[in-house]
Amino acid sequence: MSETNAATAGRQALPLGDEIVGRINRLAAISEAPDNLTRIFLTPEHRGAADLILAWMVEAGMSAHLDAIGNVCGRYEGERPGLPCLMLGSHYDTVRDAGKWDGPLGLITAISCVADLNRRGRRFPFAIEVTGFADEEGVRFASTLLGSRAVAGTFNERVLASKDNAEISMREALVQFGLDPEHIGAAARARSELLAYVELHIEQGPVLEAKGLPVGVVSAIAGATRMAARVTGMAGHAGTVPMELRRDALAGAAELICKIEELCLTDGRGLVGTVGYIHATPGATNVIPGQVHFTIDLRAPTDVHRNRAVADIVRQIEAIAKRRKLDLRLDVTHENRTVPCAPWLKAQVAEAVAGEGYPVFELASGAGHDGMAMVDIADVAMVFVRCRGGISHHPDEDVELADADAGARVLLRLIENFRPRKAAG
Ligand code: GLV
Ligand code: MN
Ligand code: MN
């Protein structure tokens, strides 16, 4: 096997895990920067990664193509052509300065499982499709889950006009990538074509490690609200305007951000809030900032709690802005409800986990996943793989080779024993 990890010498071979880790490393080298992993939607490196994944899909015995939004789509036919599919997948975009497992682990594992089935000549009364979703992280255009929303037929064409930080619109970026923005609708799939959607993903948290388990069964994917905030004050001379006469947009934004942190810290019921991006203008040492843009990401274990918390936070930060005579504009850029995994499908994931000899343990996902969009056309389930140190969205994100192999064996077993809903009862 050409991509076998050199570090495997002298230990028991883990064929699936070895192939997966080798490919994770190859994909991680396709980045915007030589010293970190950054692979953003519709960039040249995103395209380079898509081409490599397409080649792996073909090598695994699938037909493969790039769809209208840039998703990488592979199909392994069943016992006869044209059967509805079990869809597997995850995303191949990353955050900035990312870990290499978030997204690619699920996608590469699914391809390795199909390759294994193909080598053994296994065909099923259903097709298997593997989708590498183009944009799950939403780094470039604020809105997120663009790839899976296009597949689910819920892509909002209005976002085509949205612009990145370099003022390039999504429409322009799609053309640069080699796609036609007028035909995004062609990526949509019908509910009748899918029997289920199953995603394997690094846990991105510390729970499985604390439990001493390599894999877990996801119960639900937590909802999220993302907002774009724009604070407008008055730019002015840093030496001449007395402090009490200033309308400093950045000092105001700092107070708003600290209020968001305080409300999350004192919530006591799992509310988490993040301001991950901020930009102040005009941006000079001797000029009072006149305008600030920042993002807000809020999540909670239940939708009721999140919705109440969002309303409370908005009310409180609006009051601060008013007191400081600042104009505050808040736009919701992303809103997703909590998505429970389908009980019948989750039961099959649990069977596969038990079949591989691991205790069955259920945990919720605090992170967002493509299943949040796919649920509009298919029942959804997820397998989590242990994450070292609970670290994610960070270059230190890591998965043990043996855990990657364990996840792959669980997914393979799930595929081989998969019963569509009617048959599963
Ligand atoms: C995706 O990783 C998210 O949960 O933001
Ligand atoms: Mn992810
Ligand atoms: Mn992520």
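Quick notes on this one:
- Against the list (1) more than 15 Å from ligand 1 (Cβ to nearest atom); (2) touching a strand residue (DSSP E or B) at 6+ places or on another chain (Cβ under 9 Å); (3) under 22 Å from ILE202 (Cβ atoms), the condition GLY355 fails is (2).
- Test: residue in region 77-92 that is surrounded by 21 or more Cβ atoms within 10 Å (Cβ to Cβ) and without any contact (Cβ under 8 Å) to a residue 60 or more places away in the chain: no
- Among (1) touching a Pro at 6+ places or on another chain (Cβ under 9 Å); (2) more than 15 Å from ligand 2 (Cβ to nearest atom), the one test that VAL385 misses: (2)
- Scanning region 118-142 for residues that are buried (at least 23 other Cβ atoms within 10 Å of the Cβ), closer than 23 Å to ARG189 by Cα and either within 11 Å of the chain's Cα centre (by Cα) or within 16 Å of ligand 3 (Cβ to nearest atom) (or both) turns up GLY132, PHE133, ALA134, ASP135, GLU136.
- Among the residues of this structure, LEU107 counts as one that is within 21 Å of ALA378 (Cα to Cα) and within 15 Å of ligand 1 (Cβ to nearest atom).
- Annotation note: of ALA381, ALA352, the sole residue that is more than 30 Å from PHE155 (Cβ to Cβ), crowded, with 18+ Cβ neighbours inside 10 Å and modelled with pLDDT of 95 or more is ALA352.
- Pairs where the first residue, in region 179-206, is charged (D, E, K, R) and the second is part of a helix (DSSP H, G or I) and within 16 Å of ligand 1 (Cβ to nearest atom), C-beta under 7 Å, 6+ apart: GLU199/GLY106; GLU199/GLY371
- Within region 118-144, restricting attention to residues that are assigned to a loop (DSSP other than H, G, I, E, B) and in contact with a Gly (Cβ under 7 Å, 6 or more places away or on another chain), the residue that is nearest to ligand 2 (Cβ to nearest atom) is GLU136.
- Looking only at region 243-295, and only at residues there that are within 27 Å of the chain's Cα centre (by Cα) and of a type in the set (S, T, N, Q), the one that is surrounded by the most Cβ atoms within 10 Å (Cβ to Cβ): THR295
Conditions tested, residue by residue: (1) under 18 Å from ASP51 (Cα atoms); (2) of a type outside the set (Asp, Glu); (3) in the same structural domain as ALA68 (by TED's automatic domain parsing); (4) without any contact (Cβ under 8 Å) to a residue 24 or more places away in the chain.
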residue: ARG96; (1), (2), (3), (4): no, yes, yes, no
residue: LYS100; (1), (2), (3), (4): yes, yes, yes, no
residue: THR109; (1), (2), (3), (4): yes, yes, yes, no
residue: LEU117; (1), (2), (3), (4): no, yes, yes, no
residue: VAL130; (1), (2), (3), (4): yes, yes, yes, no
residue: ALA134; (1), (2), (3), (4): yes, yes, yes, no
residue: GLY138; (1), (2), (3), (4): no, yes, yes, no
residue: GLU157; (1), (2), (3), (4): no, no, yes, no
residue: ASP164; (1), (2), (3), (4): no, no, yes, no
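- Any chance GLY357 is among the small types (Gly, Ala, Ser) and surrounded by 16 or more Cβ atoms within 10 Å (Cβ to Cβ): no
- For LYS422, the conditions (1) among the charged types (D, E, K, R); (2) free of Cβ contacts under 8 Å to residues at least 24 places away in the same chain; (3) within 19 Å of PRO15 (Cα to Cα) are fulfilled apart from (3).
- Positions within region 331-347 being over 23 Å from the mean Cα position of the chain (by Cα) and not aliphatic (A, V, I, L, M), in sequence order: TRP344
- Some residue of region 102-115 being more than 27 Å from GLY390 (Cα to Cα) and modelled with pLDDT of 95 or more: yes
The values are calculated or read from the model by the stated rules, or taken from the named source; none is laboratory data. Keep in mind that this is a model prediction, so the values were computed, not measured. Using ideal geometry, Cβ is built from the backbone for each residue, glycine included, and neighbour counts are taken over all protein chains shown.
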